[in-house]
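Reviewing the structure listed below.
The values are calculated or read from the model by the stated rules, or taken from the named source; none is laboratory data. Not measured: the values here are computed from a predicted model. Cβ atoms come from the backbone with ideal geometry, glycine included; neighbour counts cover every protein chain shown.
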Amino acid sequence: MTRVSNTPVTRRRRKKILKKAKGYFGSKHKLFKTAKEQLLHSWSYAYRDRKQRKRNFRRLWITRLGNACAERKDLNLNYSRFIRLIKLAQIKLNRKQLSEMAIHRPQHFDALLTKIQNPW
């Protein structure tokens, strides 16, 4: 019985991996084994960093809000008190929207601060 080679399928599989590794440095885009190894690492880093990006942005928004509250020294307000007052006033803005407001629309942010200080 003759030996069956699987060359076309193997070549397609390897070309697919090497095409995805295009642009990598050194042998990582030329050799199949190293390219496959690097792609597996790259995919795991990409998955991890998609999760971390969400955490990092939330940290950024919280920092911005804390700084915006600290700038208004006359109100004696910190981040945690600010968030508590926002919740008590039943204002449905998230941290991203609040931080954007604090940076780009400071007059609206000041109005919001006065509203939550005096809810009645």
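Observations on the model:
- Qualifying residue in the range 46-57 (condition: in contact (Cβ under 8 Å) with a residue 24 or more places away in the chain and either assigned to a helix (DSSP H, G or I) or charged (D, E, K, R) (or both)): yes
- Among residues of the range 101-114 that are on the phi < 0 side of the Ramachandran plot, those with a beta-carbon under 8 Å from a residue that is of a type in the set (Val, Ile, Thr) and surrounded by 12 or more Cβ atoms within 10 Å (Cβ to Cβ) at least six positions away or on a different chain give the pairs Leu112/Ile91.
- Residue that is farthest from the chain's Cα centre (by Cα), among those in the range 69-88 that are surrounded by 14 or more Cβ atoms within 10 Å (Cβ to Cβ) and within 14 Å of Thr114 (Cβ to Cβ): Leu75
- Exactly one residue out of Leu40, Leu77 is of a type in the set (A, V, I, L, M) and not in a loop (DSSP other than H, G, I, E, B): that is Leu40.
- Single unsatisfied condition, Trp61 versus (1) farther than 30 Å from Gln117 by Cβ; (2) assigned to a helix (DSSP H, G or I); (3) hydrophobic (A, V, I, L, M, F, W, C): (1)
- Test set (1) basic (Lys, Arg); (2) at pLDDT 95 or above; (3) surrounded by fewer than 11 Cβ atoms within 10 Å (Cβ to Cβ) - Lys30 fails condition number: (3)
- Test: residue in the range 45-67 that is of a type in the set (Phe, Trp, Tyr), farther than 19 Å from Glu100 by Cα and modelled with pLDDT of 95 or more: yes
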